1. Counting only residues 5 or more places away or on other chains, whose amide H sits under 5 Å from the amide H of Phe82 once H atoms are built in the peptide plane?
2. Would you please classify the overall shape of the stretch 51-194 from the alpha carbon gyration tensor, given that a ≥ b ≥ c denote the square roots of the eigenvalues, rounded means a/c under 1.5, and beyond that prolate means a/b larger than b/c while oblate covers the rest?
3. Once you charge only the Cβ atoms, +1 for Lys and Arg and -1 for Asp and Glu, what is the size of the charge dipole of the stretch 32-95 about its Cα centre, to the nearest 20 debye?
4. What number comes out for the charge environment of His64, summing +1 per Lys or Arg and -1 per Asp or Glu over other residues with Cβ under 11 Å away?
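Taken together, the values in this text are just the output of simple stated rules run on the coordinates, not laboratory data. Quick caveat: nothing in here was measured; it's all calculated off a predicted structure. In this analysis, Cβ positions are derived from the backbone assuming ideal geometry, glycine residues included, and neighbour counts consider all displayed protein chains.
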Amino acid sequence: MNNRILQLRLNETKQTVNTYENIDNGKTEVFSVEKKKKIENVLLTLSIIGLSAMFIYVIFIWEHLPDTIPRHFNFKGEPDGFGGKGFILVLPFTGLGIFILTTLLSRIPDAFYYQYNATKEQKKLLYNQGRIYIRLLQAEIVYFFLFGVWRTAQVALGKADSLGVYPLYIFLIVILGTSIYFAFRTNKVLKETR
């Protein structure tokens, strides 16, 4: 049996606070539900700003875009496919679709995968972690798409030769890093609340 006994208690205060107290050594860790909500709201706001910036940028540059613009780039960031200037709308609308889908997904607790033996309290904690994870991924994707729209327009207008070599790799590292970080956090939550 595990010597570390963790007890979950919900403090009824003006602000709802989840407190996890380690009975063995008296160590108490406090995680505010309000703080997590604040982080989630900041990430949501950043995503909305990024989406709005994409659409506003497209509106402002539309008149200046040539009739044919790059629609695909190779791994070196060089354009290797071309199409009509309407292609510039693909990333903003794809970003909007991802934003709507992830927003809806984050509101459905049963859509998250939980270990079969997770307790009700652990599921609540994992759900909160999952919501923040989804919001962070959402913001990362939106800003990567914003960069893609801006850089595509720069290439189309002749102000740049390519997207650059590093943006795709940076995006993949950021997404993978975020996923690994939250996987470790999930394991930590499961271990600490057993």
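1. Arg71
2. Prolate shape, in that a/c is at least 1.5 and a/b is the bigger ratio.
3. Details: 7 positive and 6 negative charges, 81 e Å.
About 400 debye.
4. Here the charged neighbours net out to +1.
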